[in-house]
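Here's the structure, in structure tokens; my notes come after.
Derivation of every value follows stated rules applied to the coordinates shown; laboratory data play no part. As the structure is a prediction and not an experimental result, all values here were calculated from the model. Don't worry about glycine lacking a Cβ; one is built from the backbone with ideal geometry, like all the others, and counts go over all protein chains shown.
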Amino acid sequence: MKKLLLFVFLSSFTSALFACEPGEVSFAKTNLCAKISWITAPAFNQYTSAAISLNENTDLKLNVIPWMVMSGGHEHGSRPVVITNSSPADYLIEKIYFMGGMKGEWYLKLQLLNDKKEVVEEVRTLVAL
Ligand SMILES: [Cu+2]
């Protein structure tokens, strides 16, 4: 039984690792990958932009929220971004704003929304600032 559990654990780990290319954000539930290409490098207290591509076309729509997790455990967002959906899998994200001077780390929260704007899956990826 222990060996079986270990096998199940390892195989789920392996599939999670190989689902996406290195550096891509993995959506384990929907089996999608997102590649983030910064157009302007992320920096504090200025607007930056990024192109985000999903690895395959989907009816789900990407939503992006800059998200801070403070060292005290409090979490909060930033100013709203502007999202342009140029093709079913390609998005331009503008007006990404990371406020500086706080004790915490900024993430990008990537959400996949259905046509009722419900969140089907959400992942966070740490932003190197
Ligand atoms: Cu903060």
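So what is the 222 nm mean residue ellipticity for the chain from helices alone, if each DSSP H run of at least 4 adds -39500 (n - 2.57) and you divide by all residues, rounding to the nearest 500 deg cm²/dmol? Could the numbers behind the result be given before it?
Values: 1 runs with 17 residues, N = 129.
My calculation for the chain gives -4500 deg cm²/dmol from helical runs alone.
Please enumerate, by chain and number, the aspartates and glutamates with C-alpha under 13 Å from the C-alpha of Lys29, excluding those fewer than 8 residues away in the same chain.
Glu121, Glu122
Describe numerically, in nm with one decimal, the distance between label points set 7 Å from Cα along Cα→Cβ at Thr84 and at Lys29.
3.1 nm
What spacing in nm lies between the two simple spin-label points modelled at Ile65 and Leu113, each 7 Å away from Cα in the Cβ direction?
Distance between label points: 1.1 nm.
Could you work out how far apart the two model spin labels at Asn45 and His76 are, taking each label as a point 7 Å from the Cα in the direction of the beta carbon, and quote it in nm?
Those two pseudo-labels are separated by 1.6 nm.
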